[in-house]
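The values are calculated or read from the model by the stated rules, or taken from the named source; none is laboratory data. Remember, predicted model here, so these are calculated numbers, not experimental data. Positions of Cβ are backbone-derived with ideal geometry, glycine not excepted, and every protein chain shown enters the neighbour counts. Please note that ligands, DNA and RNA were not included when accessible areas were found on the heavy atoms of the full protein model with its side chains. Shrake-Rupley method; radii C 1.70, N 1.55, O 1.52, S 1.80 Å.
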Amino acid sequence: MTLLDKIVALSKRRGFIFPGSEIYGGLGGTWDYGPLGVELKNNIKREFWKSMVYERSDVVGVDAAILMNPKVWEASGHVEAFADPLVECKICHERFRADQPEEIQNHESIHKGKKTEWTEPRKFNLLVEAKLGVVEDAKQKVYLRGEITQGVHVNFKNVLDSSRVQIPFGIAQIGKAFRNEITPGNFTFRSREFEQMELQFYVKPEKVESQKWYEYWKAERMKWYLSLGMDKKKLRFRQHEEGERAHYAKDAWDIEYDSPFGWKEFEGIHNRGDWDLSQHQKHSGVDMQYTDQESGHKFLPYIIETSGGVDRAALFFLINAYFEDKDRVVLRLHKKLAPFKVAVFPLLANKPELVKKARSIHSDLRTQFSELIAWDDRGNIGKRYFAQDEIGTPYCVTCDFQTLDDDTVTIRGRDTTKQERVKVKNLAQVLGDKLSD
Ligand code: GAP
């Protein structure tokens, strides 16, 4: 079993990620997050929002609509240029991305002995279309957004007029994006529906100034992933080559992870220049310029963008955390990302006085913490520890017979497997300190 197979199996077994619409045979490139997966994703998004919006005074947030006037996508260049090169196998007519040589090679090996011929590459637009309206013939064609970015840029003026931001400043957003990917695959890595967490940072349209902010945001984003426990050796920056860059980018660097299927992008940092604002100004006829408060000078700012995938981050955090340790599997997720922070057990499930005490500790902790606290009274204590290790719960609290005598419980650490005994009255404080260190 490969590491990716193990992650897929664990995700299904323990409720992180399920195939989308599974009981109907699935839908290619869609995934559903289960009770633990939704917590992991929410934790990633909360940390992103905290670091981008709550801890800074130069970034504000928005949440724009997924459905937008189709003119947005004409202006942004996505109708014309948001396309991947596609080739078709002349034997079985399956289609692949021409820029993914490993997938093409894998496919050729299926047609053993036959020489596989391919059509010439042609461009395939990735925007997903939908129809809006109630009258069949008058339905309007719209696109599900291919990137969450445009919802920010079309609101540039609204944000300027309604808040006190001044350049340099940024607008953060988290939300779903959709792409008609030719070959979805590698679990959630390439999906057709996924979530992005982005910052659009508006700066003066000067080379030196925009480069300074570009380098600043590259460093900040790398620091953020490291602060959440990503292994430094498994991360790198890679600059896009000429011809590889998206139509809007003047410069593009990816943060890549050394995954079981090779070095892969999970965040892009782009210098978009004034592409978006100038295109929207041209197509909408609305003046999108910023007026400098001191000089009165008007200009279209440059945009430095950081664009991460929430699903790819979740997948790489899971892979990064997966360890097989003697007789147990342990997910060493960062405490801030772990779905459950603490689990509470009675030592034995058939001793009512232990169960009652453990239940009351569990319910107290639930009111003292705004995070998820697990309860488990199945199987033996060793199995319960292992079951929590496998989903990354940092601490387990056990009520045993000594608890009934002296009102103490044990706290067992996921990474050390060591236990310590603390007074129940100090439990919330001790756990709070441990979780925030
Ligand atoms: N606004 C810029 C933008 O969308 P991108 O490099 O096309 O840039 C940014 O996408 C991030 O979105 C990627 O680094 C990746 O994490 C995520 N992403 C893109 N396509 C994806 C897909 N098909 N499935 C899952 N995540 C995807």
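How much net charge surrounds Ser163 when only the other residues with a Cβ under 13 Å from the Cβ of Ser163 are counted, with Lys and Arg +1 and Asp and Glu -1?
On the way: positive: Lys157, Arg164; negative: Asp58, Asp161.
Combined, the nearby Lys, Arg, Asp and Glu give 0.
For the chain, the longest stretch holding no chymotrypsin sites (Phe, Trp or Tyr not before Pro) located in a DSSP loop with at most 15 other Cβ atoms within 10 Å is which?
Numbers: sites that count: Phe261, Phe369.
Within the chain, the longest run free of exposed chymotrypsin sites (Phe, Trp or Tyr not before Pro) spans 1-260.
The distance between label points at Ala246 and Phe261 comes to 2.0 nm (points 7 Å beyond Cα on the Cα→Cβ vector).
What does the charge count near Phe124 come to, summing +1 for each Lys or Arg and -1 for each Asp or Glu among other residues with Cβ under 12 Å from its Cβ? Walk me through the numbers on the way to the answer.
Numbers: positive: Arg95, Arg97, Arg122, Lys123, Arg179; negative: Asp84, Glu88, Asp99, Glu181.
Neighbourhood net charge equals +1.
Taking amide H atoms as placed 1.01 Å from N in the peptide plane, the amide H of Asn69 has no partner under 5 Å among residues 5 or more positions away or on other chains.
Mind scanning Lys12/Lys326; Lys50/Lys232; Lys6/Lys423 and naming the pairs with a C-alpha gap bigger than 28 Å? Over 28 Å apart, Cα to Cα: Lys6/Lys423.
Within segment 3-108, which GluC sites (Glu not before Pro) sit in a loop by DSSP and count at most 13 neighbouring Cβ atoms inside 10 Å? The qualifying sites are Glu55, Glu94.
Over the chain, average the accessible area per residue using a 1.4 Å probe and give it in Å², no decimals.
Numbers: 21460 Å² over 437 residues.
The answer is 49 Å² per residue.
Regarding segment 145-186, what whole-number volume in Å³ per residue does the convex hull of its Cα atoms give? Don't skip to the end; give the middle numbers.
Values: hull volume 4.1 nm³, N = 42.
Spread over its residues, the Cα hull of segment 145-186 gives 96 Å³ apiece.
Taking each residue as 0.36 nm, the span from Ile66 to Glu324 lengthens on full extension beyond its C-alpha to C-alpha distance by 88.8 nm. Which links in Lys383/Lys434; Lys207/Lys336; Lys218/Lys418; Lys157/Lys207; Lys218/Lys264 stretch past 27 Å when you go from one Cα to the other? Where the Cα-Cα span goes over 27 Å, the pairs concerned are Lys207/Lys336; Lys218/Lys418. Working note: 222 nm ellipticity from helices only, DSSP H runs with n ≥ 4, each -39,500 (n - 2.57), summed and divided by the residues of the chain, gives -9500 deg cm²/dmol to the nearest 500.
Compute the orientation-averaged projected area for the chain from the convex hull of its Cα atoms and round it to one decimal in nm². Please list the in-between numbers first.
Details: hull surface 109.8 nm².
Answer in nm², one decimal: 27.4.
Straight-line reach from Lys139: which aspartates and glutamates fall under 13 Å, measuring Cα to Cα and dropping same-chain residues less than 8 apart? Here the aspartates and glutamates satisfying the reach criterion relative to Lys139 are Glu129. Exactly which trypsin sites (Lys or Arg not before Pro) in segment 1-109 are in a DSSP loop and have at most 13 other Cβ atoms within 10 Å? Answer by residue number: Lys90. Phi-derived couplings, Karplus 6.51 cos²θ - 1.76 cosθ + 1.60 at θ = phi - 60°, listed residue by residue for segment 177-191: 10, 9, 9, 7, 4, 5, 10, x, x, 6, 6, 7, 4, 10, 10 Hz, with x used for Gly and Pro.
Heavy atoms only, probe 1.4 Å: what % of the accessible area of segment 30-161 goes to carbon and sulfur, would you let me know? Mind showing how you got there, number by number?
Values: 3680 of 7310 Å².
Carbon and sulfur together cover 50 percent of it.
Subtracting the Cα-Cα distance from 0.36 nm times the residue separation, let me have the gained length for Arg164 to Glu117 in nm, one decimal. Present the calculation step by step, with values, prior to reporting the outcome.
On the way: separation 47, 0.36 × 47 = 16.92 nm, distance 5.94 nm.
Length gained, Arg164 through Glu117: 11.0 nm.
Within segment 39-102, all pairs of alpha-carbon atoms sorted by distance into 5 Å bins from zero give the percentages 3, 12, 10, 11, 9, 14, 18, 11, 6, 3, 2, 0. Protein heavy-atom surface of segment 269-404, 1.4 angstrom probe: 49% of the accessible area is carbon and sulfur, with nucleic acids and ligands not counted.
The trypsin sites (Lys or Arg not before Pro) found in segment 333-406 that occupy coil by DSSP, while having at most 10 further C-beta atoms within 10 Å, are Arg378.
Between the listed residues Pro301, Trp118, Thr408, the Cα displaced farthest toward the positive end of the dipole of the chain, a dipole computed from Cβ unit charges relative to the Cα centre, is found at Thr408. Summarising the amide proton neighbourhood of Gly77: residues at separation of 5 or more, or on other chains, whose placed amide H is nearer than 5 Å comprise an empty set.
Applying the Karplus relation 6.51 cos²θ - 1.76 cosθ + 1.60 with θ = phi - 60° to segment 131-144 yields 3J(HN,Hα) values of 10, 10, x, 9, 8, 3, 6, 9, 5, 9, 6, 10, 10, 6 Hz, where x marks Gly and Pro. In order along segment 395-401, the phi-based Karplus estimate (6.51 cos²θ - 1.76 cosθ + 1.60, θ = phi - 60°) of 3J(HN,Hα) comes to 9, 10, 10, 10, 9, 10, 5 Hz; Gly and Pro are listed as x.
Out of every Cα-Cα pair in segment 160-224, what percent are more than 14 Å apart?
On the way: 1476 of 2080 pairs.
Every Cα pair in segment 160-224 considered, those over 14 Å come to 71 percent.
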